[in-house]
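No value in this document is a laboratory result; all are computed from the given coordinates. Worth saying up front: this structure is predicted, and the values here are computed from it rather than measured. Neighbour counts are summed over all protein chains in view; Cβ atoms, including those assigned to glycine, are modelled from backbone coordinates with ideal geometry.
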Amino acid sequence: MAENKSIHGVWQNRWTFILAATGSAVGLGNIWKFPYMAGENGGGAFVLIYLVFVAAIGIPVMLAEVMLGRRGRQSPINTMKTLAKSSDASKFWGGIGWLGAIAGVLILSFYSVIAGWAMAYAGKIIGGGLLDQTDIPSQFGAFVSDPVETVLWHSLFMVMVLTVVAGGIHKGLEKSVQFLMPALFVMLILLLGYATTTGSFGEAVSFLFKFNPEALTADAVLSALGHAFFTLSLGMGAIMAYGAYMPKEHSLGKTVVIIGVLDTLVAVVAGLVIFSIVFANGLDTAAGPSLMFKTLPVAFSQMPGGIVLGGMFFILVTFAAWTSAISLAEPAVAWMVETAGFSRIKAALVVGIPVWLLGIACALSQNIWSDVTILGSDLLDFLDKLTTNIMLPLGGLLIAIFAGWIMRRSHVVKEVAMKNFALFNIWIVMIRIVAPIGIAFVMYNSIEAWLVFINK
Ligand code: PFF
């Protein structure tokens, strides 16, 4: 442990780590999920609570994950095993890595299906004349109910993900994020520029930021907290795996704050873009998961240059999903390389093929297998609930407790390497008290919701 390098290599510099971790964090969660959740939960109140959770729980837990990864220098499974041993803690803590690796591949299976939808939409807008249709929203239903097309797009996305993962961190991850992340930011800024010309930008701003406490239901609070985990890629070792490739000498505090801020900015900008378009065209704010697919193309069809803008938007979503999906596979793949001695290509295939098959089942759960339900949900929805409501918060809770209470304090101090003691102490309070209590609160409510869901 604590060698200077991971066997998987090291990021070229701190910025590459920041790009990769931001690539993991920024994804469907920001562009597809955040706007529709804000829309469904009444806007401003949800957004504000979500921002508080990101700052008070998300960022401290992220620091803990990066710290654990960099100290352990291996895949999350082996990192947690080694760190538990070196703090004379029970083997139980090693289980955090397993929980995370399993959550990662489960999320990847349905994530890839939705990313496939986004990719299909980019193709349909640019080449397929989608925007010329008379009834654009119903095109989404027709597309999703086509088993062959959705399975093919999911398969293509899995090939893209596994190709990068198989390449390893220098050839694969590092090269792709260096190109993809800046491209993503440029595209978002262009779209933001467009949003300001719609005449409804002000309305979008007030929808997202006007604090409307009457919309603040317990459910909205709960979704905001759960979403803070999902959007920052926390609780499953993705950020821990990337932390293992981080050069030793850098202080972690500033790094994680940059990642948290970038992730939040992308979500807020995506929200502003989407709601400017929604308001300018008199569309429904509470359209739910179909918001992006059903309403945006309608808006794009009505605007000059819509084919280019619409195509760009869905390509952007695909890029964002791609760099997140890579990190979902990394904990399991890195573990196989370390433990089974597989090449990265072999490990990517051994992890990827079952995920691809499960993803096919998720895609089919939206059409020919829609009658098959698990606890009342179709497979895609079930996997989303299982991971987001149970596995990620549980992982985050255990990580906070391990970093705050179990790991030797001298190891923590050395690894976090924060020069500012006041800030370090604030983090300690967050990770020992605020985060565990906050997360336990989410979990309690999630389990309650889960029980209601089971008993239905
Ligand atoms: N953070 C990603 C998003 O917002 O789309 C999703 C995700 C990636 C969740 C990696 C968890 C993870 F480990």
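Applying 1/(1 + (r/R0)^6) with R0 = 35 Å to the Cβ-Cβ distance of K419 and T339 gives a FRET efficiency near 0.45. Legend: residue pairs K33/K248; K175/K254; K385/K414; K254/K385, Cα-Cα distance threshold 28 Å; pairs beyond threshold, K33/K248; K385/K414; K254/K385. Farthest toward the positive end of the dipole of region 193-347, out of F342, N281, P331, is the Cα of F342, where the dipole comes from beta carbon charges about the Cα centre. Ordered by the number of other Cβ atoms lying within 10 Å of each residue's own Cβ, fewest first, L379, L392 fall into the sequence L379, L392. Annotation: aspartates and glutamates with alpha-carbon distance below 17 angstrom to K124 (same-chain offsets under eight excluded): D132, D135, D146, E149.
Cα convex hull, region 1-124: 154 Å³ per residue, rounded to a whole number. Taking 7 Å steps out from each Cα toward its Cβ at A286 and L192 produces label points 2.9 nm apart. Please give the FRET efficiency for I7 paired with D219, using the beta carbon to beta carbon distance and R0 = 30 Å, rounded to the nearest 0.05. Here the calculated transfer efficiency is 0.10. FRET efficiency for the K175 to D88 pair, using the beta carbon distance and R₀ = 56 Å, is estimated at 0.85. With the largest listed first and rounded to whole Å, the semi-axes of the equivalent ellipsoid of region 312-427 from the Cα gyration tensor are 35, 20, 17.
What the Kirkwood sum gives for the chain is a hydrodynamic radius of 22.0 Å, with every pair of different alpha carbons counted.
Place +1 on the Cβ of every Lys and Arg and -1 on the Cβ of every Asp and Glu in the chain, take the dipole about the Cα centre, and give the residue among L296, T82, L191 whose Cα lies farthest towards its positive end. Projecting each Cα onto the dipole axis, the largest value belongs to T82. Only Cα sites of region 279-347 enter the Debye sum here, all with the same form factor; the resulting log10 I(q)/I(0) across q = 0.17, 0.20, 0.26 1/Å is -0.71, -0.84, -1.11, listed in q order. The tail of the calculated P(r) for region 177-245, taken as Cα-Cα distances beyond 17 Å, holds 69 percent of the pairs.
Note on T134 and V148: their simple-model spin labels are 2.6 nm apart, each label 7 Å out from Cα toward Cβ. Measuring nothing but alpha carbons in region 235-306 and taking Rh as the Kirkwood radius, the Rg to Rh ratio lands at 1.21.
Per-residue packing, averaged as other Cβ atoms within 10 Å, sorts the ranges 33-46, 281-294, 151-164, 204-217 into the order 33-46, 151-164, 281-294, 204-217, beginning with the highest.
Dipole size of region 359-451 about its Cα centre, with +1 on Lys/Arg Cβ and -1 on Asp/Glu Cβ: approximately 840 debye, rounded to the nearest 20. Compared with the alpha-carbon gap, the fully stretched path from W15 to V350 is longer by 117.5 nm at 0.36 nm per residue.
Projecting the Cα atoms of N30, I307, V261 onto the charge dipole of the chain (Cβ charges, centred on the Cα centre) puts V261 farthest toward the positive pole.
A Cβ-based charge dipole, computed about the Cα centre of the chain with Lys and Arg at +1 and Asp and Glu at -1, lands at about 1860 debye. Please list, by residue number, every one of the trypsin sites (Lys or Arg not before Pro) in region 319-424 that is coil in DSSP and has at most 11 other beta-carbon atoms within 10 Å. Loop-located and lightly packed - K419. In this rough spin-label picture, where each label sits 7 Å from Cα along the Cβ direction, the K210-D371 distance is 4.8 nm.
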